[in-house]
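I have placed the structure first, in the form of structure tokens, so that the comments after it can refer back to it.
The values are calculated or read from the model by the stated rules, or taken from the named source; none is laboratory data. All figures in this text were calculated on a predicted structure; none of them were measured in a lab. Every residue, glycine among them, receives a Cβ derived from its backbone with ideal geometry; neighbour counts consider all protein chains shown.
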Amino acid sequence: MRLGQVIQVLSGHALNEFNHAREVEYGFETALLSDVLAHAKPHTTLIITEIVNPQVIRTAEMVDAVGVLFVKNKTPDAGTLRLANEVGIPLIVTRLGMFETCGKLYAAGVQPARSSE
Amino acid sequence: MSSHEITHVQKLVFRVGQVMTRRVITITLTNTLLELKEVMRQRRISGVPVVNDAGVLVGIISIEDLLRAFEQGALNATVAERMSTTLITVRDTDLVDVAAQKFQQTGVGRMPVLDAQDRLVGMLTKGDITRGLLAEVQAETQDEEIARFRASHIFRDVESDHTSLTLRYTIPARDFTHGGEASSKIKRTLMRLGTDPQIVRRAAIATYEAEMNLIIHADHGGQITAEIDASQVTLIVQDDGPGIRDLKRALEEIGYTTTPPEIKQLGFGGGMGLKNIRKCADQMKIESQVGRGTRLEISLRLHTD
């Protein structure tokens, strides 16, 4: 599905400007950035998290993630937003919790992103 | 599509106002179709928005309407009689993808563009969108292309027995705000050198893990040195303490970590860093002495063949 559809499905909204047509194939829900760094697939993976610090953006940058989705209305501060814009990482926020978010995305066809070792 | 290209596409966000045609030629309700024909011929346009005396948009008239009137011998009719009043418009602040969807859904060839006060500020065709996108892609890509072109030739252009680039970064302790900057710069440099995106990604992940280790664990931060030559990148990451107490466990045991709980809340300290670095690197050496410090050296071949 597309980033724009992710926003629709989760009744969320975009926190910065990006191309809503970008493809999302995988979702990676996490509270541990090292886990993303170790196991995420590149390019079409959406990181789903409650963590809103700059390191989430850096992690997304290093693994070439398609974007970061914040659950429970968690919103990063201005500095983190600036960093996301600088390195070109799309940010989306939803008021839904982790369980519901992942359920809806999975039902819409997004696949688990943990690559098997 | 390489990761580099994707980054560019990602940045391409357009508003209708950026790509629309600004100098709008309008026609009034009382003009005849003969007059309309002249306007279209002279200005080489195929659709004209119609405004009333107050300058407010009230309709649109196209070459198709004109042809139909011509067939019926009604070229003396007024614009008001022949125009279409079903107005499909966009805002100058709308995203271009929204406008593109509207073109697709409605099948219209052009749309008047209105500002927040409903004033007619431009016209938009599919051609405008394509031209705007192309111009922007070119502008966006050009600077990076020049940087890439210059950088990627360095190993061919500079003559020596062994040419290498050395990048040095000082990483302050506990600086979570800027953590990752050095890795980001190293990643960008490798991309400019024309390195395979998969290899860049592995190098970036390994460097970032090491950089965060310095920030989280090292008493006084540390140094990252990246030495890049035509065939490989070598990263040396060192600090002056506290040293890793049980290196074997840190390297082998999944979940072994000495990360304090307050830092775990930031999303680090799963006991995976060194293992992940080893996974990303082609070679890895690590020496550590408690009270003296740690020196990590990893290398990655820059070509898969």
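What number of residues within segment B:27-62 satisfy the criterion of being small (Gly, Ala, Ser) and farther than 22 Å from B:ASP118 by Cβ?
Of the residues in segment B:27-62, 1 are small (Gly, Ala, Ser) and farther than 22 Å from B:ASP118 by Cβ.
For segment B:69-160, please list each of the helices (runs of 4 or more DSSP H) lying entirely inside it that holds at least 3 residues being among the polar types (S, T, N, Q). If you could, list the steps in order and put the result at the bottom.
Values: elements: B:79-82, B:96-106, B:126-152, B:154-157.
Qualifying helices (runs of 4 or more DSSP H): B:96-106, B:126-152.
Can you name the residue in segment B:36-57 that is surrounded by 15 or more Cβ atoms within 10 Å (Cβ to Cβ) and not aliphatic (A, V, I, L, M) and, of all such residues, is modelled with the lowest pLDDT?
Taking the candidates together, the pick is B:GLY47.
Has segment B:245-268 got any residue that is surrounded by 13 or more Cβ atoms within 10 Å (Cβ to Cβ), among the polar types (S, T, N, Q) and touching a Lys or Arg at 6+ places or on another chain (Cβ under 6 Å)? Reasoning before the result, please.
Pass one, segment B:245-268, residues surrounded by 13 or more Cβ atoms within 10 Å (Cβ to Cβ): B:246-247, B:249-251, B:256-259, B:263-264, B:266-268.
With among the polar types (S, T, N, Q) added as a condition, the list becomes B:257-259.
Within this subset, residues satisfying the condition of being touching a Lys or Arg at 6+ places or on another chain (Cβ under 6 Å) are none.
No.
Name the single residue, out of those in segment B:149-164 being within 13 Å of B:LEU302 (Cβ to Cβ) and more than 27 Å from the chain's Cα centre (by Cα), that is modelled with the lowest pLDDT.
Within segment B:149-164, the match that is modelled with the lowest pLDDT is B:PHE155.
Look at B:LEU235 and say whether it is within 14 Å of chain A (Cβ to nearest Cβ) and in contact (Cβ under 8 Å) with a residue 12 or more places away in the chain.
Details: within 14 Å of chain A (Cβ to nearest Cβ): yes; in contact (Cβ under 8 Å) with a residue 12 or more places away in the chain: yes.
Criteria met by B:LEU235.
Take the residues in segment B:279-296 that are out of contact with any Leu (no Cβ under 6 Å at 6 or more places or on another chain), over 14 Å from B:ASN213 (Cα atoms) and of a type in the set (D, E, K, R), then tell me which one is surrounded by the most Cβ atoms within 10 Å (Cβ to Cβ).
Among them, the one singled out is B:LYS279.
Between A:LEU10, A:LEU33, which is under 19 Å from A:GLY109 (Cα atoms), touching a residue at least 24 places away in the same chain (Cβ under 8 Å) and not basic (Lys, Arg)? Before the answer, list the steps.
Numbers: A:LEU33 fails: under 19 Å from A:GLY109 (Cα atoms).
Only one candidate qualifies: A:LEU10.
Within segment B:208-227, can one find any residue that is under 26 Å from A:HIS39 (Cβ atoms), free of Cβ contacts under 8 Å to residues at least 40 places away in the same chain and within 14 Å of another protein chain (Cβ to nearest Cβ)?
For segment B:208-227, residues under 26 Å from A:HIS39 (Cβ atoms), free of Cβ contacts under 8 Å to residues at least 40 places away in the same chain and within 14 Å of another protein chain (Cβ to nearest Cβ): present.
Go through the residues of segment B:99-118 one by one and say whether even a single one is within 15 Å of A:ASN19 (Cα to Cα) and in contact with a strand residue (DSSP E or B) (Cβ under 7 Å, 6 or more places away or on another chain).
Restricting attention to segment B:99-118, the residues satisfying the condition of being within 15 Å of A:ASN19 (Cα to Cα) are B:99-101.
Keeping just the survivors that are in contact with a strand residue (DSSP E or B) (Cβ under 7 Å, 6 or more places away or on another chain) gives B:99.
Yes: segment B:99-118 contains one or more residues that are within 15 Å of A:ASN19 (Cα to Cα) and in contact with a strand residue (DSSP E or B) (Cβ under 7 Å, 6 or more places away or on another chain).
Return the total of residues in segment B:274-287 being within 11 Å of another protein chain (Cβ to nearest Cβ), touching a residue at least 40 places away in the same chain (Cβ under 8 Å) and more than 24 Å from B:ASP175 (Cα to Cα).
Residues in segment B:274-287 being within 11 Å of another protein chain (Cβ to nearest Cβ), touching a residue at least 40 places away in the same chain (Cβ under 8 Å) and more than 24 Å from B:ASP175 (Cα to Cα): 1 in total.
Of the numbered conditions (1) out of contact with any helix residue (DSSP H, G or I) (no Cβ under 7 Å at 6 or more places or on another chain); (2) at pLDDT 85 or above; (3) not polar (S, T, N, Q); (4) not in a loop (DSSP other than H, G, I, E, B), B:HIS178 satisfies every one except a single condition; which is it?
Tallying (1) out of contact with any helix residue (DSSP H, G or I) (no Cβ under 7 Å at 6 or more places or on another chain); (2) at pLDDT 85 or above; (3) not polar (S, T, N, Q); (4) not in a loop (DSSP other than H, G, I, E, B), B:HIS178 fails exactly one: (4).
What number of residues in segment B:170-189 are away from chain A (no Cβ under 12 Å) and surrounded by 15 or more Cβ atoms within 10 Å (Cβ to Cβ)? Step through it out loud before you land on a result.
Looking only at segment B:170-189, we keep the residues that are away from chain A (no Cβ under 12 Å), and these are B:170-174, B:189.
Filter once more, so that each one left must be surrounded by 15 or more Cβ atoms within 10 Å (Cβ to Cβ): B:171, B:189.
Here the count works out to 2.
Just the residues that are without any contact (Cβ under 8 Å) to a residue 60 or more places away in the chain and part of a strand (DSSP E or B), please, taken from segment B:16-40. Spell out the reasoning first.
In the first step, residues of segment B:16-40 are kept if they are without any contact (Cβ under 8 Å) to a residue 60 or more places away in the chain; the result is B:23, B:25, B:27-40.
The answer is B:ILE27, B:THR28, B:THR32.
Does any residue in segment A:64-75 that is over 12 Å from A:ASN53 (Cβ atoms) come within less than 6 Å, Cβ to Cβ, of a residue that is of a type in the set (Lys, Arg) and surrounded by fewer than 24 Cβ atoms within 10 Å (Cβ to Cβ) six or more places away or on a different chain, and which pairs are these?
Correct list of pairs: A:ASP64/B:ARG201; A:VAL66/A:ARG22; A:ASN73/A:ARG95.
Of all residues in segment B:251-273, which are more than 10 Å from chain A (Cβ to nearest Cβ) and on the phi < 0 side of the Ramachandran plot? Let's see the steps before the verdict.
Initial filter on segment B:251-273 (more than 10 Å from chain A (Cβ to nearest Cβ)): B:251-256, B:258, B:260-263.
Scanning segment B:251-273 gives B:LEU251, B:GLU252, B:GLU253, B:ILE254, B:TYR256, B:THR258, B:PRO260, B:PRO261, B:GLU262, B:ILE263.
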